[in-house]
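The values are calculated or read from the model by the stated rules, or taken from the named source; none is laboratory data. The shown structure was predicted, so the numbers you read here are calculated from the model rather than taken from an experiment. Cβ: placed from backbone, ideal geometry, glycine included. Neighbour counts: every protein chain shown. Surface accessibility is based on the protein's heavy atoms, side chains included, excluding ligands, DNA and RNA. Shrake-Rupley method; radii C 1.70, N 1.55, O 1.52, S 1.80 Å.
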Amino acid sequence: MISVCILTKNASQTLAKTLDSVQNFSEVVLLDNGSTDDTLAIAKHYPNVRIETSSFIGFGPLRNYAATFAKNDWILALDSDEIISPLLAKEISDLQLSSNCVYAIPRRNFYNGKWIRGCGWHPDRVIRIYHKNQTNYGNAQVHESVDASNMKVVRLKNPLIHTPYLSTSDFLSKMQHYTTLFAEQNKGKKNGSLGKALMHALFALLKSYIFKGGVLDGKEGLII
């Protein structure tokens, strides 16, 4: 049996579709860190959802904290803007799970209604199914990931649908939040300057828009 663990904060615009896609799982742990919109009201409509709350302690620690509430040892970690496709749900239900394995899912990232295949957004494979007594998430504040050292990575075939940004303003707001967390995480470890910032910005533009094919994604590729 697999428990789904979802982190939320003000996810009312995307949460219903996420929870609709996991209704066949017996347990969904929703760990909320301070929603002020209708997130919790939406979650209460789903009988398989268990609501827990926490202050924000970083994405990695939050993932691990959510797993402590799960009744099952196998965890499927989701974001509140991700949807399990029907084919992926079937593939997961058919898995012969092995505790020395972690399971990586291909993710299709959408922006402004378009599947983005450039900008380094595709292919995007994320480890999301793991045995909580064998491994867990690292303690990263942002860009957290499951520790796959000494584990066999099994690649699933069917996609997870991801709509991370609902608008350009949402995009910029999340980027601001993530960069602040990254700066806090690397305080005292990395040095910065205006020159470095400008060089990194130029390199990021060339890498994402030109070398990684963002130009082929049209207006959305340019915005990204």
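Taking springs between alpha-carbon atoms closer than 10 angstrom, which of Asp20, Asp94, Asp81 fluctuates most in the Gaussian network model of the chain? For the chain, modelled as a Gaussian network with Cα springs under 10 Å, the answer is Asp94. The residue list Ala41, His162, Ser208 was ranked by how far each Cα lies along the charge dipole of the chain toward its positive end, using unit charges on Cβ atoms, and Ser208 comes out on top.
Counting only protein heavy atoms and a probe of 1.4 Å, the accessible surface of the chain is 54% carbon and sulfur.
Result for the chain in a Gaussian network model with C-alpha springs under 10 Å: among Thr18, Thr135, Thr180, the largest mean-square fluctuation is at Thr180. Once the dipole of the chain is set up with Lys and Arg at +1 and Asp and Glu at -1 on Cβ about the Cα centre, which of Val153, Phe171, Ser21 lies farthest towards its positive end? Projecting each Cα onto the dipole axis, the largest value belongs to Val153. Here region 91-182 is assigned +1 on the Cβ of each Lys and Arg and -1 on the Cβ of each Asp and Glu. Its dipole about the Cα centre then comes out at about 240 debye.
Taking the Cα centre of the chain as origin and assigning +1 to Lys and Arg Cβ atoms and -1 to Asp and Glu Cβ atoms, the resulting dipole is close to 720 debye. Considering amide H positions built from the backbone, and no H for Pro or chain starts, which residues 5 or more places from Val29, or on another chain, come under 5 Å of its amide H? Distant-sequence amide H within range of Val29: Val4, Cys5, Ile6, Arg50. Would you mind pulling out the separation of the Cα centroids of region 49-80 and region 1-25, in Å? Here the two parts' Cα centres lie 12 Å apart.
Applying the criteria of a DSSP loop state and at most 13 other Cβ atoms within 10 Å to the trypsin sites (Lys or Arg not before Pro) of region 25-81 yields Lys44, Lys71. By DSSP, the beta bridges lying fully in the chain are antiparallel in about 35 percent of cases. Among 109-115, 26-32, sorting by the average number of other beta carbon atoms lying within 10 angstrom of each residue, highest first, gives 26-32, 109-115.
Only helices enter the 222 nm calculation for the chain: every DSSP H run of n ≥ 4 contributes -39,500 (n - 2.57), and dividing by all residues gives -8500 deg cm²/dmol, rounded to 500. Once backbone amide H atoms are built at 1.01 Å from N, Arg107 has Asp124, Arg125, Val126, Leu160 as its partners under 5 Å, excluding neighbours fewer than 5 places away on the same chain.
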